[in-house]
Each structure stands twice: as structure tokens, then as C-alpha cells.
Amino acid sequence: MTAPPMLKRFGLTSILVECADLSAALAVHSHLQHQPPAGLVELIPAAQTVLVRFEQAQQALTFARTFTGAASTDIRREASREQLIDVVYDGEDLADVAEHTGLSIEKVIEAHTQQQWSVAFAGFAPGFFYLHAEENVLEVPRRASPRTAVPSGAVGLAGQFSGIYPRTSPGGWQLIGHTNAPLWDLSQNPPALLEPGNTVRFRAVREHIDVATPESTVSEPSTDSVLTVKTAGAQLLFEDEGRSGLTHWGVSPAGFADPVAAHAANLLVGNMPSATVLESLMGGFVVEAQQDTVVALTGARTFAIVTEPAQPDRVVPQDAPVALMAGQTLRVGVAEQGLRVYLGIRGGFAAEEAATSFSTDTMSSIGPSPLQPGDSLHVAEKTGIAVAHPVIAPALPNPQEANLIRVIVGPRDDWFTPESIQRFFRTEWTVSPDSNRIGIRLAPQESGSDGTDTQILERANTEELPSEGMVSGAIQVPPNGEPVVFLADHPVTGGYPVIACVHPHDLRLLAQSQPGTTIRFTRFEIDGEANEQENTRA
């Protein structure tokens, strides 16, 4: 009899269903697809788990208390599409795979091409999928030292899976060949060549015939330019509410890093909260008005002025609507407190739509490119509402003291020693300069608040964790023991244990933390109980 799944809380609104194996995970995924629980937002299947995300915390708690598992008969076998993919078997690790499996190179190729592979679940990037075969003799470990750049189209093996890299990216899979199949192309509908439930067969070929890449059909906005970018600063992006419901393609949510500040910028100029805004890293950008408009600056604290020829400079208040007339220039200084500045404009910014959103995803390069000097900005001209009164600025991280961040422990806290869990909470962590929209990297200060030497977080379980679904706020701990907190552009799945997850209301504080900011984690209790006691067996 198959053991019932283990249910573990993953942040405030998600539950991780841990199953015995891939087949059990696929059964749970199929069961929940056809019998969705109340409040279900998203399902992310993985090697041995299904991440179930809800609208509200109470819905997640109810599911954890009532879900009784799924039988293998729950897998619904809908008609699937088989994809034939041509591969040139010339991978750098082909000989190593042969040695590890005890097969000749010819037999490795034969084993890879004679199997029917099932598309099990999406991976770390749009268009990357884990392919599984029932009688796979090519089970090999990942490389001990991952490559910093695996080329687009590389075909690899890792554990019990095969996969194809849709774009150049770091990776530790054993490479056995390459293909020019169009795995991810936003000009196609659907953009992904594969989807979970499809099947794949590989065909060995000697060489590829290059396929011409279709030219972009994106047209310029029909409206006249309202602003022109004069200086873009460190990073100037279009962002909106982001993408949802596309994890089956490996597409992460992206969107506002600080939703509170972005929503305020929109409301101040009479937009719906979800309208597209500009998100600036550290400020330091300049735009010139080509038409009369209304704008608002929110987020990180900065000094901004409006200039125009033969007129005195005008200081621009933050968190208030500001009239910007044709010929005037808005100059935004470098952020003094906080990290990300938001600029809203009456009507919302018009941008190129990609995969249901106007947001730039910096990890997958989906969405509009970062803005550059000379770029023209247009408005979407969506129906507006009344311009709001000035708002009370939301809190920003205090650079002079440790900022308390609430976390829900788990789901993989049991992979760490009890001493490491204690150290995680007593340590004062420093935000690393290597942080970005994908994640905040944290490094320990020289000593904890109690004066003891701070050490890296040590694992009680040193096995390799099969990839599983991720959410914004997940705190992964890689082998160096220094946490990474996932932000808006995080990957759909990850392979390092998550020690805890940041409370959604506190995540914006991390998104607004400049390098050098001090962070201290504190437990958030649910229903009056420490959440580590809420791991339940169905």
C-alpha cells in the first residue's frame, strides 16, 4: 500500500504535498486539477511533490487538515501530443554518461532515442521541462561542478530525467547532445513547444538544418510619445501585476517587487492599481515631458525636481500627484532610503505585452527590455479614476538597525540541524550587493546578537533534494549555507531546501533593502501555534 502524502506548510498561503515518488505526485496533481479545492490559485507539480497555492491562508489550512491523498487511478489520461525532436548526439558528457551507466556511447544514444518520454513538469526557465521514461537506464547524477553557461538547445540528463535547455543558462545536467527545436518562442501560440502530459521521442541526426527565426511583429503604440527617457539610471523597467497561471510553461510571476508602492503610484494618478508603472533601481533617472500629464513618485525616498528653461527648479513631493507639463524635465535623484522608486503616469504606461503581462522578467528575459536613454514612453489610455489625495508613505527598511522580518518555518526545516534553526533566527544577516529581482542574497555578520560567532547554516540531511515548486518569499539555503530569499522573478522550481518563507506583507521590505541593510528573522505563528507543529500527515 502506498504511504499517504505528507502535507507541509509553505509560507502563509501554500501547502507542499510530499509524495512517495513521481507517479504519486502526478496522481495528486491530476486529482487536484479535476477536483480543485476552494480558493485554489495554482498547482506546481515536481519530482515528488505538488505545491498547492491558495488565495487565503485559511483555505490553505483547511486543505492541510482535510486532504486525504489520491490513488494512482486518479491520473486522467487525456489525449496527448507526441513531439519528435531531432538531436545531434555530440554532448561534452556523452562519454562520461556511457562510463557511469556501463553502456557504450552507441547504446546510450539507443536508450535515449528508443524510449517514449513523458513531459512531467516545468523547470527553472520558460520552456524547460523534466522528461520522464518508465524504463530509463540512463539515470545519472548531476555534474559535481555545474557549468556557468549551458548553450541553448543542449540536451541533458540528471537523475531519472532528461531535459532540453531552451536558452543559455547555468546548469549541472550531463550534456549528451543538442537540438535546434524551437522550445520557447513568444511569437508562436502556444509559446512552449512542450506541455505537461505531452510525450516526446528523440531522433538521432548527423546535423541540423537551421530554421529561420520569425521576425518580430510587434508594432509601435499608436499614441504619441508622452515622455522621453534622458537618463535611465541603474535599471529602469516596465512592471505590472505580473503573470499568473503560467507555471505549466515554467513562467514565473514577475511583476511589482514592491506592490504597495506601485499600487500607490497608480492610485495617486487616477489609475487602477494594476496599471503598468516604471520601476527604477536606486532612482537616478531623468525623463522629459512631450505632453502635459500627471505623474507620481513612490517607493524609496529620493530627492526629485522639475526643471524647464528660464524657470526656477521645482521640488517634487513623493506620494502625491504632480503635474508635469510639456517641455519640463523630471530629474529623480539617487535613493537615500529604500531601493526601488516607482513612477506612475495618468493612463498607465503602454508597453509590449508578453505572456499576458507587460512586466519585465529579468530571469527569463520575458517582457520589454530595460529602458535606455532616448526611448519614447507612451500611455495606455486606460479609463482612469479620480486622482487620489497624497498618501502616507509605507515603511521602508531602517538602515541604522536590524529590520525584523516575519517568516513561517518550513517546509524543509527538518533538513537542517536544530542548532542551525536557532542560528537562523539569532543571526543578523546583511543584504549582499549580488541581490536582484530574482532573489535577495544574505550573508551573516561577524557575530550574532548574542555575541557568539555566526556560522553558516548546516544541514542534517545532505542528500540532493529533488526539484520542487517555489513561491515568492521562499528562503532557499544553497550548499554555502547563506540564504537566498526569492523575489518576483524567482524560478518556478528549485533544488535547494527552503528553511522558511517570508510573510507576504514583509516581502516588500526585503525588495526595498539596499546592500548592507541588516535583517533579522522572527517566527510568525499561525492560529496561535508555532507553524512547525502544523506539518500533518494526510
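The values are calculated or read from the model by the stated rules, or taken from the named source; none is laboratory data. All values derive from a computational prediction rather than experimental measurement. Quick reminder, even Gly has a Cβ in these numbers, built from the backbone with ideal geometry, and neighbours come from all protein chains shown. For accessibility, only protein heavy atoms count, side chains too; no ligands or nucleic acids. Shrake-Rupley method; radii C 1.70, N 1.55, O 1.52, S 1.80 Å.
Structure data summary
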item: Accessible heavy-atom area order of MET325, MET6, highest first, probe of 1.4 Å; result: MET325, MET6
item: Label-point separation in nm, GLN114 to VAL137, each point 7 Å along Cα→Cβ; result: 0.7
item: Distance histogram for the stretch 300-442 (every C-alpha pair counted, 5 angstrom bins, percent rounded to whole numbers); result: 2, 6, 10, 14, 16, 15, 13, 9, 6, 4, 3, 1, 0, 0
item: Simple label model, 7 Å out from Cα along Cβ direction - ALA204 to THR62, nm; result: 5.6
item: Segment ARG314-PHE425, length gained on full extension (0.36 nm per residue, minus Cα span); result: 35.4 nm
item: Length added when fully stretched, THR522-ALA380, from 0.36 nm per residue minus Cα-Cα; result: 46.9 nm
item: Extension gain, LEU103 back to ARG147 (0.36 nm per residue minus Cα-Cα distance, nm); result: 13.4 nm
item: Two-decimal Rg/Rh across the stretch 259-368, once Rg and the Kirkwood Rh are taken from alpha-carbon atoms; result: 0.97
item: The stretch 96-139: GluC sites (Glu not before Pro) in DSSP loop, at most 11 other beta carbons within 10 Å; result: GLU134, GLU135
item: The stretch 55-183: relative contact order in percent, alpha carbon pairs under 8 Å with at least 6 residues between; result: 25
item: For the chain, size of Cβ-based charge dipole, Lys and Arg +1, Asp and Glu -1, in debye; result: 660
item: Value of [θ]222 nm, deg cm²/dmol, for the chain, DSSP H segments ≥ 4, -39500 (n - 2.57) each, nearest 500; result: -3500 deg cm²/dmol
item: The chain - percent of accessible surface contributed by carbon and sulfur, probe 1.4 Å; result: 49
item: Dipole in debye (nearest 20) - the stretch 31-126, about Cα centre, beta carbon charges: Lys, Arg +1; Asp, Glu -1; result: 820
item: Å² per residue, accessible surface of the stretch 356-437 at 1.4 Å; result: 49
item: Calculated SAXS-style log₁₀ I(q)/I(0) at q = 0.07, 0.08, 0.11 Å⁻¹ - the chain, Debye, Cα scatterers; result: -0.44, -0.58, -1.05
item: Residue-level accessible surface for GLU241, protein heavy atoms, 1.4 Å, Å²; result: 90
item: Size of the stretch 3-139 as Cα extents on the principal axes (Å, biggest first); result: 54, 31, 30
item: Peptide ranges 468-475, 32-39 listed from the most packed, as the mean C-beta count within 10 angstrom indicates; result: 468-475, 32-39
item: Relative contact order, percent, the chain [alpha-carbon distance under 8 Å, six or more residues apart]; result: 15
item: Paired Rg and Dmax values of the stretch 128-198, which use every Cα atom, in angstrom; result: 12.6, 38
item: SER23, SER225, ranked by accessible area, largest first (probe 1.4 Å); result: SER23, SER225
item: Convex hull of the stretch 404-522 built on C-alpha atoms - directionally averaged projected area, nm²; result: 6.5
item: Inter-label distance, nm, simple model (7 Å from Cα along the C-beta direction), GLN35/SER187; result: 4.6
